[in-house]
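Here is the structure we will look at, set down as structure tokens.
Every read-out reported here was derived from the displayed coordinates using simple, explicitly stated rules and does not represent laboratory data. The model shown is predicted, which means the values in this text are computed figures rather than measured ones. Methodologically, a virtual Cβ is constructed for each residue, glycine included, from the backbone with ideal geometry; neighbour enumeration extends over all protein chains shown.
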Amino acid sequence: MRAITLVPGKQGTLGLTEVPDPRPGPGELLVQGLALGICGTDRELVSGEYGFPGEGPMVLGHESLGRVLQAPDGSAFSPGDLVVGVVRRPDPVPCGACARGEFDMCRNGEYTERGIKGRDGYGSERWTVEAGYAVRVDPALGMLAVLVEPASVLAKAWEHIERIGSRAWFQPERLLVTGAGPIGLLAALMGRQRGLEVHVMDRAASGLKPELVAGLGATYHQGSDLDAVGGYLPDLIIEATGSGPLIFQAMLSTASAGIVCLTGVSSAGRQLPADAGRINRDIVLENDVVFGTVNANLRHYRAAAKSLGEADRSWLDALITRRLPMEEFEAAFDEGEHIKVVITLES
Ligand SMILES: [Zn+2]
């Protein structure tokens, strides 16, 4: 069967290669791959900017969707079920968090991740997954369920925002999302699902991003600076650009008891002047919280599947701006104006 492979840490090794058919071990599902979402992490793996060098080639891909071909007796799955595979696996020690199923909060960094770190991903015509790391999705979602993995990251972000908020009286009204890529738009969707007044800021002056934001009943602001948003102070900011200046601005721009949730990964090395005293003063005197979030555990995948199930299908469909057959996999890694690029795996 065919798989999209690369050698982690080595540029120029991406290819469509013939690999042995996977054989499910005890407790594992055999799955027909249907779709694979591509994100910034995949592009960094392809360019060699990111990656954990192992011995040989790795199957790429962590935003999965497949149809169960074979399920072990006694598992909760049956042939025909649509499933998404979880990305991360607990570290082998395991640390206290991993031992409790909270591998998204791993403390020692020795976790593995399918298609990213130390494990083959889901970018193949067929794949296997442990039944305990597969999440069944509503067949009504169809191919849109390929958005469950990116949405799981936001489901976790929202869960943590709500847990932080519950330290005191908490009734947020206004959310600002910076960045209208897939992560920002899914963050905005979940904000609207919570009944919040949602504002989204992005550099794009026109096109699909403003339309998708309007489609949620949220307000779009064009710009690359929070001044573009106007004078109000949001209760919550979900930062999805990774832009250094914007992050400092966000920390100074919430209402009292505000929460800034950082989801964007930026590269290190850029120096910026910052008024540390002012930032500290603002955070302390307002009881603000700034926190980072990455990855997701099983309950977040389930919450994401539920959230997508309650969203408007045509809106979700519009997020997927490019669909490519497996033979054209290379084009999926081009930087472009696309929101979500998906490779279809079933020919
Ligand atoms: Zn751990």
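So the values come out like this:
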{"item": "Rounded, prolate or oblate (a/c below 1.5 giving rounded, otherwise prolate when a/b exceeds b/c) for the chain by Cα gyration tensor", "result": "prolate"}
{"item": "Viscosity 1.002 mPa s, 20 °C: Kirkwood-radius Stokes-Einstein D of the range 150-241 over Cα pairs, µm²/s", "result": "163 µm²/s"}
{"item": "For the chain, share of DSSP beta bridges that run antiparallel, in % to the nearest 5", "result": "50 percent"}
{"item": "Given charges at Cβ of Lys, Arg, Asp, Glu: the chain dipole, positive-most of H62, T112, G33", "result": "T112"}
{"item": "Residues F333, F291, F77, sorted so that the one with the fewest Cβ neighbours within 10 Å comes first", "result": "F291, F77, F333"}
{"item": "Percent RCO, i.e. relative contact order, over the chain, from Cα pairs under 8 Å lying at least 6 residues apart", "result": "18 percent"}
{"item": "Mean-position separation - Cα centroids, the range 42-93 and the range 157-221, in angstrom", "result": "29 Å"}
{"item": "Rounded if a/c under 1.5, otherwise prolate or oblate - the range 46-144, Cα gyration tensor axes", "result": "oblate"}
{"item": "Folded to 0 to 90 degrees: helix 148-165 orientation relative to the chain principal axis, Cα", "result": "40 degrees"}
{"item": "Shape of the range 159-299, Cα gyration tensor, a/c cut at 1.5", "result": "rounded"}
{"item": "For M58, distant residues with modelled amide H under 5 Å away", "result": "L6, V7"}
{"item": "Footprinting exposure proxy for R323, R114 (fewest neighbouring C-beta atoms within 10 Å first)", "result": "R323, R114"}
{"item": "Structure-based [θ]222 nm, the chain - -39500 (n - 2.57) summed over DSSP H runs of at least 4, per residue, nearest 500", "result": "-7500 deg cm²/dmol"}
{"item": "Taking V31, V86, V135, V290 and counting other C-beta atoms within 10 Å, the order from fewest to most", "result": "V290, V135, V86, V31"}
{"item": "Rounded to the nearest 20 debye, dipole of the range 175-282 from Cβ charges on Lys, Arg, Asp, Glu", "result": "160 debye"}
{"item": "Selection from G15, H338, Y232, by position along the positive dipole direction of the chain (Cβ)", "result": "Y232"}
{"item": "Charged-residue dipole, Cβ positions (Lys, Arg, Asp, Glu), the range 1-111 about Cα centre, Debye nearest 20", "result": "40 debye"}
{"item": "Charge dipole magnitude, Cβ of K and R +1, D and E -1 - the chain, Cα centre, debye nearest 20", "result": "560 debye"}
